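Each remark here refers to the structure printed beneath this line.
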Amino acid sequence: MAIYTHHLPAWKREEVEQIKDLAGKHTLVGLVDVYGIPARQFQQIRRNLRSNAVVKVARNTLVEHSMNELGGHFVDLNENVSEHSALIFANGNPFKLFKSLEQTKTKRSAKAGEITPEDIVVPAGPTTFKPGPIVGELQQAGIPAAIDGGKVKIKETKTVVKAGQAINKKQADVLSKLGIKPMPVGLSLLAVCYEGDMYLPDVLSVDDEAYKAKITLAAQQAFNLAVNAAVPTACAGVTEAQIAKAVREARNLGVEASIYEKGVIELIISKAYRQANALKAI
């Protein structure tokens with residue numbers, strides 16, 4: 001049910017109208033997660049996106065008011081509003097928007113308590129650390145370490161934290177010292193409304209190469225099915241392949257049945273010659 005905001009103070013009313021105006025000027029309206037982005041980097045991201053998208057930070061209550069006043073599918077965005085979300089407005093394809101935001105991300109060191117989006121793997125090998133307390137710190141973080149040639153060496157490749165797990169303080173401190181930055185920094189698309197539908201990251205996160213490979217495989221399988229089932233289609237090359245297949249099968253039938261027709265006689269003689277040679281060898 002829509003929530004009317006005529007009773008809002010003037011500045012809040014103006015903010016709501018600005019959000020609604022931006023929504024009316026763009027085909028895409030979504031929410032992005034801005035957690036962990038330093039202020040300077042956030043401003044830089046906004047400048048970089050200026051030609052393609054508008055990022056607007058507003059109070060959650062005003063975002064919800066705006067979406068409710070817009071109505072329709074926009075109301076569903078309210079379910080994804082969070083403490084660290086901001087609005088994004090853009091034109092074009094939601095899949096391209098998702099991909100462009102992912103490509104602008106960088107990495108930063110992890111903080112204690114954060115959930116890693118991917119496995120954090122520490123490779124085996126020498127480090128730049130000299131013998132000291134760092135050996136114990138590594139071991140306490142679950143990383144096997146020892147002294148080798150006056151330097152600290154990690155004895156084996158180790159998955160310190162698996163995707164979806166929280167990073168504790170000891171792990172965060174050691175990973176920072178090792179220069180491992182597992183946490184992505186950038187705008188993460190939480191949800192986007194486009195042409196009456198809402199899209200979430202699990203739908204927008206498409207592996208282009210894998211998708212292309214599936215389409216190619218499907219096309220090949222459809223082509224083979226049409227040829228083998230003798231189904232005439234407008235697909236390029238199908239008719240030619242069907243005729244070539246029919247010619248091969250007719251020729252083979254003619255040879256096996258010893259039907260003396262033009263284009264078959266030579267093959268029948270060749271077959272007889274091979275069989276004669278085989279008998280002679282025996």
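At a glance:
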{"read-out": "Within the chain, longest stretch clear of exposed chymotrypsin sites (Phe, Trp or Tyr not before Pro) (DSSP loop, no more than 11 other Cβ within 10 Å)", "value": "5-259"}
{"read-out": "Using a Förster distance of 22 Å, the FRET efficiency for K107-A166 (Cβ separation, nearest 0.05)", "value": "0.75"}
{"read-out": "Segment 1-99 - Debye-derived log10 I(q)/I(0), Cα point model, q = 0.21 Å⁻¹", "value": "-1.16"}
{"read-out": "For segment 113-263: span of alpha carbons on each principal axis (Å, largest first)", "value": "92, 53, 19"}
{"read-out": "Candidate lysines for bridging to K25, where Cα separation is under 16 Å - those fewer than 8 sequence places away on the same chain excluded", "value": "K56"}
{"read-out": "Cross-link partners of K107 among lysines (Cα-Cα below 18 Å; sequence separation of 8 or more within a chain)", "value": "K99, K162, K177, K181"}
{"read-out": "Convex hull volume per residue for segment 211-281, taking Cα atoms only, in Å³", "value": "129 Å³"}
{"read-out": "Of every Cα-Cα pair in the chain, the percent that sits beyond 22 Å", "value": "73 percent"}
{"read-out": "Along each principal axis, Cα extent of segment 39-192, largest first, Å", "value": "67, 28, 25"}
{"read-out": "Surface/4 estimate of mean projected area, convex hull on alpha-carbon atoms of segment 120-183, nm²", "value": "3.9 nm²"}
{"read-out": "Using alpha carbons only: equivalent-ellipsoid semi-axes of segment 197-249, gyration tensor based, whole Å", "value": "35, 11, 8"}
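Rule-based calculations on the coordinates, nothing more; no lab input. The structure presented is a predicted model; accordingly, all values stated were derived computationally and were not measured. Neighbour counts run over all protein chains shown; Cβ positions are idealised from the backbone, glycine included.
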